[in-house]
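The values are calculated or read from the model by the stated rules, or taken from the named source; none is laboratory data. In this text the structure is predicted, and so the values were computed from the model without any measurement. Here the Cβ positions follow ideal geometry from the backbone for every residue, glycine too, while neighbour counts run over all protein chains shown. We work out accessible area using only protein heavy atoms, side chains counted, and drop any ligands, DNA or RNA first. Shrake-Rupley method; radii C 1.70, N 1.55, O 1.52, S 1.80 Å.
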Amino acid sequence: MDLDVDGVGQAVGTGAVPAGPRIDDLLVRAHEHAARHREGAVADYIPILADADPEAFGLCVADVEGGLHERGDTRTAFSIQSISKAFVYALLSEAFGHERVLEVVGVNNTGLAFDSVVAIELNDGHPMNPMVNAGALATTALMPGDTAQELWDAVRDGLSRFAGRALEVDHEVYRCEAATNHRNRAIAQLLESYGRIERDPLVVVDVYTRQCALRVDARDLAVMGATLADGGVNPVTGERVVSADVCRDALAVLAASGLYERSGEWLFEIGLPGKSGVAGGLVTVAPGKAGIGAYAPRLDAAGNSVRGQIATAYLSRALGLNVFASDPHVPGGKP
Ligand code: DON
């Protein structure tokens, strides 16, 4: 995909995010720039997603000081979908520890679609990474809780702490997904056949389906991302949600697999960990600096928001967020 950033100079910023007014100014420009793009298609595998306004477009930057910068439809609610995977993974890492999540869920990109069954078969039933559906189901299955209700409470309460407010399920999205999620049920049962899921796989799929149906807006995604950028402390509420080590691990996983089989291209162009969802949400994390939340429901062929990617690419360049960008060291400081 052409991210349309050829004319945007690569700023380099290895310290703090620029001051608020500079962010506001670049946010307006990034929004205007990406709003010109009408490529891609709204997800239509369930009617409720197909009904989304294709022109809706919200962009929010939440910095680690708790500053919120918003442009466009940042308060339009949509289902979090696959973006939930990143945050449930962080919660599991907190509960389970670095070594065990590495072994049981994995961290390597499959190079295949997010709902691939072939990837499971090719890897002896190993789910490979927590961003594809197999790994996300394995992750949700390992969350604490003896009953289905306790499992769901752990997931919803944890995601709500990232957002800094109580997140609610979109019941229509949940109903439509639950009626059509045969593939996810098959994936969970396949994992069970390999001994990779120890709970009832249909309970796991149900909790996963609910977690994907949680309603968020672009501002929530920015705050959730900013919590991962801020060593695990939500910069708006001040609450510690996960440890700094967990943030580091979760961001490494997002960098490798957050945009599925397009993760390499994304990292090459944007240079930041990110995670997309099929309803049009996109969260991006600039470690130590900020979270970026975007909502625009037209998707590319891999299921990633087109305007969200273009606006984020613009902000990454213009705000100097790319973690791989540097200037040569000048002895004694900048000239
Ligand atoms: O599990 C699923 O298939 C959907 N509820 C979520 C998929 C999704 O968001 C894929 N991302 N782009």
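Observations
- Some residue of segment 55-77 being within 16 Å of the ligand (Cβ to nearest atom), part of a loop (DSSP other than H, G, I, E, B) and at pLDDT 95 or above: yes
- Residue ID - farthest from D63 (Cα to Cα), chosen from residues in segment 269-309 that are of a type in the set (G, A, S) and within 10 Å of the ligand (Cβ to nearest atom): A302
- Segment 146-174 residues that are farther than 20 Å from E198 by Cβ and of a type in the set (V, I, T), paired with ones that are open to solvent by 80 Å² or more (accessible area, probe 1.4 Å) and at pLDDT 95 or above (beta carbon under 9 Å, 6 or more apart): V169/R215; V173/R215
- Condition broken by R175, with the remaining ones in (1) more than 10 Å from the ligand (Cβ to nearest atom); (2) at pLDDT 95 or above; (3) closer than 20 Å to D146 by Cβ satisfied: (3)
- Residue within segment 230-250 that is open to solvent by less than 30 Å² (accessible area, probe 1.4 Å), of a type outside the set (V, I, T), within 16 Å of the ligand (Cβ to nearest atom) and under 15 Å from Y89 (Cα atoms) present: no
- Wholly within segment 104-189, helices (runs of 4 or more DSSP H) carrying at least 1 residues that are open to solvent by less than 20 Å² (accessible area, probe 1.4 Å) and farther than 30 Å from S243 by Cα: 118-122, 171-180
- Residue within segment 190-199 that is modelled with pLDDT of 95 or more and more than 30 Å from G125 (Cβ to Cβ) present: no
- Segment 289-320: number of residues that are assigned to a loop (DSSP other than H, G, I, E, B) and under 17 Å from the mean Cα position of the chain (by Cα): 7
- Matching residues in segment 1-49 - criterion: being part of a loop (DSSP other than H, G, I, E, B), of a type in the set (G, A, S) and open to solvent by less than 40 Å² (accessible area, probe 1.4 Å): A11, G13, A43
- The set of residues in segment 106-121 that are of a type outside the set (D, E) and either over 17 Å from the mean Cα position of the chain (by Cα) or within 16 Å of the ligand (Cβ to nearest atom) (or both) comprises G106, N109, T110, G111, L112, A113, F114, S116, V117, V118, A119, I120.
- Taken over segment 270-304, residues that are touching a Pro at 6+ places or on another chain (Cβ under 7 Å) and either open to solvent by 10 Å² or more (accessible area, probe 1.4 Å) or closer than 17 Å to R75 by Cβ (or both) amount to 4.
- Selection status of G264, outside the structural domain of V107 (by TED's automatic domain parsing) and more than 16 Å from the ligand (Cβ to nearest atom): yes
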